[in-house]
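Q: Sharing a structure, written as C-alpha cells. Questions coming.
The values are calculated or read from the model by the stated rules, or taken from the named source; none is laboratory data. Bear in mind the structure is a predicted one, so any value in this text is a computation, not a measurement. Cβ: placed from backbone, ideal geometry, glycine included. Neighbour counts: every protein chain shown.
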Amino acid sequence: MKLGELAARLGCKLEGDETVEVRGVAGIEAAEAGEVTFLSNPKYYRELAGTRASAVFLDEKVVLKRGPGMPPLAALRSSNPYLDFARTIEFFHTPLKYAPGIHPSAVVAKSAKIGEGTHIGPHCFVDEGVEIGRNAVLHSLVTIYRNARIGDDFLAHSQTVVREGCTIGNRVILQNGVVIGGDGFGFARRADGQWHKIMQTAPVVIEDDVEIQANSCIDRATVGETRIRRGAKIDDLVVVGHACDVGEDAILCGQVGLAGSTRVGNRAILAGRVGSAGHLDIGDGATITSQSGVPSDVPPGAMYSGYPAMENKLWLKAMAALKHLPELQKTVRRLAEELGRIKDGKDRT
C-alpha cells in the first residue's frame, strides 16, 4: 500500500512522500523501513529522532525531529494517533476464518438451535435448549450449558464456559478460559458455625460488543442478574461478583475484583488490581488508579487512588507527606523532649 493511499483511507494529513510503499506496522523502537509506527505517549518522543520507520502517526502539534544521517520520516497527522495506528493494523492482518460446520468430535444436543454459518470446533459441548446465532465460532473445548442464548458473530476461544440460562449479545468475544455464569460467592452462616450455600439462580447477561479476556469470571446472581453492558472491555484475571452491573464502554483492567452488587458506571476505568467492596456505586466516567481499594461510592467523573480510595489530588499530597514521615517523627520527638524539659523546669520553680 502506498503511503498516500493509507493517508486517504484514514483521513490523515500526510507530510512526506506519498509514493513510499508501506508493508506493515511496528512499535517506534523496532520499526524498520516500509513500516508505520505511532507516537501518542510523550515518554517516547525522544525515539522519533532515531526510528527507522517510513512514517509515523503524530498529533498535529508534535514537532517532528530527526537525528543526523537518518532517512526521511513521513508524518501522518492525526487527532488520535493510537486509534489510527490500530486501524492500520487491520489493513495488514487478515483475521482467521473458520469454515461453517460441526466437528465430528463435538457434542451438540438435538434441541439446540445453531445459526447459519456457525463453526463448532473439536470437543465442544452444546447442551439442550441452547440457541446460537449466525456466524458464531466455538473454537475447541468450549462448553455451553443448558438454555443459554447467544447472539450473532460470537467468538469463544478454547476452554471457555457459558453456564445455564445466561444471555450473550452480538459480536461478543470470550478469550481462553473465561467463565460466564459460574456461581456467585454466597454462603449463610448456620448456628453451628458451618456455611450454608445460597443457591445462585439468576443469570449473567452480556450485551453487544463486549470482550472478556483470558481467565476472567463473571458470576451469576442469587436473584436479579449480573449484567455487563454494551461495549464494556474486561481484561485478564478479572472477577465480577454476583449481581454486579458494569456500564457501557467501561474498562476493567487486569486483576480487578468487584464484590457483589457493585455498580460500575458508563465509561468508567478501573486500572489493574483495583478492588471494590460490595453494594456501592462507581459513577459514570470515574477513574480508579492501580491497586486502589474502594470501600464506598465514587462520584461521577472523579479520579480516586489508594486505600482507602480517596480523591486523587488528596492522595498525591498524602503520599508526598508520607515520604517525610521519618523526618517528621524525629522532629516531633525532639519537640516533645524540649517541651518536657521546659515543663520540668517550670515544675521546679
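Q: Just for segment 180-194: of the residues that are hydrophobic (A, V, I, L, M, F, W, C) and either under 20 Å from ILE206 (Cβ atoms) or in contact with an Asp or Glu (Cβ under 6 Å, 6 or more places away or on another chain) (or both), which one is modelled with the highest pLDDT?
A: The qualifying residue modelled with the highest pLDDT is ILE180.
Q: Can you name every residue in segment 205-239 that is farther than 19 Å from PHE154 by Cβ, at pLDDT 95 or above and among the aliphatic types (A, V, I, L, M)?
A: Residues satisfying the conditions are ALA221, LEU237, VAL238, VAL239.
Residue by residue, here is whether (1) under 24 Å from the mean Cα position of the chain (by Cα); (2) part of a strand (DSSP E or B); (3) buried (at least 21 other Cβ atoms within 10 Å of the Cβ); (4) in the same structural domain as MET199 (by TED's automatic domain parsing) holds:
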| position | (1), (2), (3), (4) |
| --- | --- |
| GLY129 | no, no, no, yes |
| ARG134 | no, no, no, yes |
| ARG146 | no, no, no, yes |
| ASP152 | yes, no, no, yes |
| SER158 | yes, no, no, yes |
| GLU164 | no, no, no, yes |
| GLY177 | yes, no, no, yes |
| ILE180 | yes, yes, yes, yes |
| PHE185 | yes, no, no, yes |
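Q: Still on this structure, please answer the following. Among the residues of segment 111-120, are any over 22 Å from LYS2 (Cβ atoms), assigned by TED's automatic domain parsing to the domain that holds GLY34 and not polar (S, T, N, Q)?
A: For segment 111-120, residues over 22 Å from LYS2 (Cβ atoms), assigned by TED's automatic domain parsing to the domain that holds GLY34 and not polar (S, T, N, Q): absent.
Q: From the list ARG171, ARG220, exactly one residue is under 16 Å from ASP245 (Cα atoms), of a type in the set (D, E, K, R) and touching an Asp or Glu at 6+ places or on another chain (Cβ under 7 Å). Which is it? Working first, answer last.
A: Details: ARG171 fails: under 16 Å from ASP245 (Cα atoms).
Result: ARG220 is the single residue among ARG171, ARG220 that is under 16 Å from ASP245 (Cα atoms), of a type in the set (D, E, K, R) and touching an Asp or Glu at 6+ places or on another chain (Cβ under 7 Å).
Q: If ARG87 satisfies every condition in (1) more than 30 Å from HIS157 (Cβ to Cβ); (2) in contact (Cβ under 8 Å) with a residue 24 or more places away in the chain but one, which is the exception?
A: It is condition (1) that ARG87 fails.
Q: Test ALA106 against the criterion of being within 30 Å of VAL142 (Cα to Cα) and in the same structural domain as TYR145 (by TED's automatic domain parsing), and give yes or no. Write out each step before concluding.
A: Details: within 30 Å of VAL142 (Cα to Cα): yes; in the same structural domain as TYR145 (by TED's automatic domain parsing): yes.
Yes; evaluated as a whole, the condition is true for this residue.
Q: Here are ALA309, ALA318: which of them is surrounded by 10 or more Cβ atoms within 10 Å (Cβ to Cβ) and over 20 Å from GLY275 (Cα atoms)?
A: Just one listed residue meets the conditions, ALA318.
Q: Before we move on, is ASP245 farther than 22 Å from VAL172 by Cα, in contact with a Lys or Arg (Cβ under 7 Å, 6 or more places away or on another chain) and at pLDDT 95 or above?
A: Considered against the rule, which asks whether it is farther than 22 Å from VAL172 by Cα, in contact with a Lys or Arg (Cβ under 7 Å, 6 or more places away or on another chain) and at pLDDT 95 or above, ASP245 comes out as no.
Q: Give the residue that is surrounded by the fewest Cβ atoms within 10 Å (Cβ to Cβ), with candidates limited to residues of segment 41-57 that are assigned to a loop (DSSP other than H, G, I, E, B) and out of contact with any Leu (no Cβ under 9 Å at 6 or more places or on another chain).
A: ASN41
Q: Now for a different question. Taking the residues in segment 258-304 that are among the polar types (S, T, N, Q) and in contact with a strand residue (DSSP E or B) (Cβ under 7 Å, 6 or more places away or on another chain) as candidates, determine which candidate is surrounded by the fewest Cβ atoms within 10 Å (Cβ to Cβ).
A: Filtering segment 258-304 for residues that are among the polar types (S, T, N, Q) and in contact with a strand residue (DSSP E or B) (Cβ under 7 Å, 6 or more places away or on another chain), the one surrounded by the fewest Cβ atoms within 10 Å (Cβ to Cβ) comes out as THR289.
Q: Of all residues in segment 144-175, how many are in contact with a Lys or Arg (Cβ under 9 Å, 6 or more places away or on another chain) and hydroxyl-bearing (Ser, Thr, Tyr)?
A: So the count comes out to 2.
Q: Please go through (1) closer than 23 Å to SER216 by Cα; (2) surrounded by 17 or more Cβ atoms within 10 Å (Cβ to Cβ) for PRO122 and return the number of the only condition it doesn't satisfy.
A: Checking PRO122 against (1) closer than 23 Å to SER216 by Cα; (2) surrounded by 17 or more Cβ atoms within 10 Å (Cβ to Cβ), the one that fails is (2).
Q: Then there is this: Can you name every residue in segment 81-103 that is surrounded by fewer than 14 Cβ atoms within 10 Å (Cβ to Cβ) and either assigned to a loop (DSSP other than H, G, I, E, B) or polar (S, T, N, Q) (or both)?
A: Residues satisfying the conditions are HIS93, THR94, PRO95, LEU96, LYS97, ALA99.
Q: State whether the residues of segment 60-71 include one that is touching a residue at least 12 places away in the same chain (Cβ under 8 Å), crowded, with 19+ Cβ neighbours inside 10 Å and under 30 Å from the mean Cα position of the chain (by Cα).
A: At the first step, the residues of segment 60-71 found to be touching a residue at least 12 places away in the same chain (Cβ under 8 Å) are 60, 62, 64-67, 70-71.
Among the residues that remain, those that are also crowded, with 19+ Cβ neighbours inside 10 Å are: none.
No, because not a single residue in segment 60-71 is touching a residue at least 12 places away in the same chain (Cβ under 8 Å), crowded, with 19+ Cβ neighbours inside 10 Å and under 30 Å from the mean Cα position of the chain (by Cα).
Q: Still on this structure: If you go through segment 51-71 one residue at a time, do you hit one that is at pLDDT 95 or above and acidic (Asp, Glu)?
A: Checking segment 51-71: not a single residue is at pLDDT 95 or above and acidic (Asp, Glu).
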